[in-house]
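Below: one structure, written as structure tokens.
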Amino acid sequence: MHKPKYFNREELLKVDEAVKISEELVNNFFKMSSGQWLRNRYDIKTAKDLDGHEYVQGPFAQVIKYEARKKEAPLGSSSYTLYKVCLQDDSILSTIQKENLLLEPFLLYILSHELVHIIRFSKYKQRYENKNEADVTLDEERQVHFLTHEILKPFTIHGLMKVFDFYKDWRAGNNFES
């Protein structure tokens, strides 16, 4: 039986750095003020911190929408939407090894991609009707890949072009605008 792999301490530092960079790049691309950005409540977790239903086979990450409320606020009127980005360590680590990709640019792409989803969900550019990202339409996935590429293409990081090549089929033939 396959024992799942988890990010080690060094890889977790790379995840943390990729989160910071992707947040800045995505925020700048969508020209959001800090107030707007903070309203998009989300959390990013690696596989060790996921609940059983947050694991998926295949995708490198998924966004799950939760309704949340502070413990001291018992009324439903104080609830808010919380998006959880669930990184799938095993799938990411297996793919970088198989495809000879560097972890940093791959994480940057994945995290930027998931943040674009969250912004589109929160701005109602795409409805979030399902609790599983696997149910998001192919057109929406293509649009998000296009936007992710637009966000990252001015950014110079070793290995990013190989990641773009890995995802090229998702951008092929699209007629989207940023």
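The values are calculated or read from the model by the stated rules, or taken from the named source; none is laboratory data. Since we're looking at a predicted model, the values are computed, not measured. Please note: Cβ atoms are built from the backbone with ideal geometry, for glycine as well, and neighbour counts cover all protein chains shown.
For the stretch 128-148, a residue qualifies if it is hydrophobic (A, V, I, L, M, F, W, C) and either buried (at least 16 other Cβ atoms within 10 Å of the Cβ) or modelled with pLDDT of 90 or more (or both), and the qualifying residues are 136, 144, 146, 147. Confirm whether residue 151 is under 14 Å from the mean Cα position of the chain (by Cα), modelled with pLDDT of 75 or more and of a type in the set (Val, Ile, Thr). Criteria met by residue 151. Applying the condition of being under 24 Å from residue 24 (Cβ atoms), charged (D, E, K, R) and modelled with pLDDT of 95 or more to the stretch 85-122 and asking which residue is surrounded by the most Cβ atoms within 10 Å (Cβ to Cβ) yields 114. Residues that are assigned to a helix (DSSP H, G or I), in contact (Cβ under 8 Å) with a residue 60 or more places away in the chain and not basic (Lys, Arg) were ranked within the stretch 139-169; the one that is farthest from residue 28 (Cα to Cα) is 166. Residues that are under 20 Å from residue 157 (Cβ atoms) and β-branched (Val, Ile, Thr) were ranked within the stretch 22-67; the one that is surrounded by the most Cβ atoms within 10 Å (Cβ to Cβ) is 26. Scan the stretch 17-41 for residues that are of a type in the set (Phe, Trp, Tyr) and modelled with pLDDT of 90 or more and jot them down. Of everything in the stretch 17-41, those that are of a type in the set (Phe, Trp, Tyr) and modelled with pLDDT of 90 or more turn out to be 29, 30.
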